[in-house]
Amino acid sequence: MKLYRPVGLKELQLIIEADFNAFPPRLAQQPIFYPVLNITYARQIAERWNTVDAMSGYVGFVTEFDIDDEFAKRYPVQLAGDKDVHQELWVPSGELEEFNQHIIGKIKVIEHFIGEQCSVSIDKNSHLPS
């Protein structure tokens, strides 16, 4: 199953440190890890939320990754708004390490959105911080 995860700068840096093999553990105030099922929704979050959020570094990145289909069935699709667009999986934070073990291949950064207050240079081709 192909999934997407919009992330900010700090989360992306942790993904890079994990050699693009894993998402970092959730913070105490983040009980759920929620990858999304389509790129449209991931783009909306990255562009509308991350670019105006100081904790995200005022930049949003869209990541793409594959997860084992059988394992993904553990998590029913959740609707967070528009039933055709806003679909996500809710992975309890305590299960994220196991979830990471079922990622197939590398996590890819496929797009980025820069907010007005972003102070970091982003490479236009790789979508990674310079």
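Sub-8 Å Cβ pairs linking a first residue in the range 11-23 that is on the phi > 0 side of the Ramachandran plot to a second residue that is part of a loop (DSSP other than H, G, I, E, B) and among the hydrophobic types (A, V, I, L, M, F, W, C), at least 6 apart or interchain, number zero. For the range 76-94, the tally of residues that are closer than 15 Å to residue 26 by Cβ, touching a residue at least 40 places away in the same chain (Cβ under 8 Å) and either of a type in the set (Phe, Trp, Tyr) or surrounded by fewer than 17 Cβ atoms within 10 Å (Cβ to Cβ) (or both) stands at 3. Of the residues making up the range 95-120, just one is in contact with a Pro (Cβ under 7 Å, 6 or more places away or on another chain) and in a loop (DSSP other than H, G, I, E, B), namely 120.
Taking first residues from the range 36-65 that are modelled with pLDDT of 95 or more and partners that are among the basic types (Lys, Arg) and outside any helix (DSSP H, G or I), the Cβ contacts under 6 Å between residues at least 6 apart in sequence or on separate chains come to 63/5; 64/108.
Just so you know, in the range 1-17 the residues that are in a strand (DSSP E or B), in contact with a Ser or Thr (Cβ under 8 Å, 6 or more places away or on another chain) and not hydroxyl-bearing (Ser, Thr, Tyr) include one that is surrounded by the fewest Cβ atoms within 10 Å (Cβ to Cβ), and it is 5.
The values are calculated or read from the model by the stated rules, or taken from the named source; none is laboratory data. These numbers come from a predicted model, not from an experiment. When we count neighbours, we look across all protein chains shown, and the Cβ atoms used for this are built from the backbone with ideal geometry, even at glycine.
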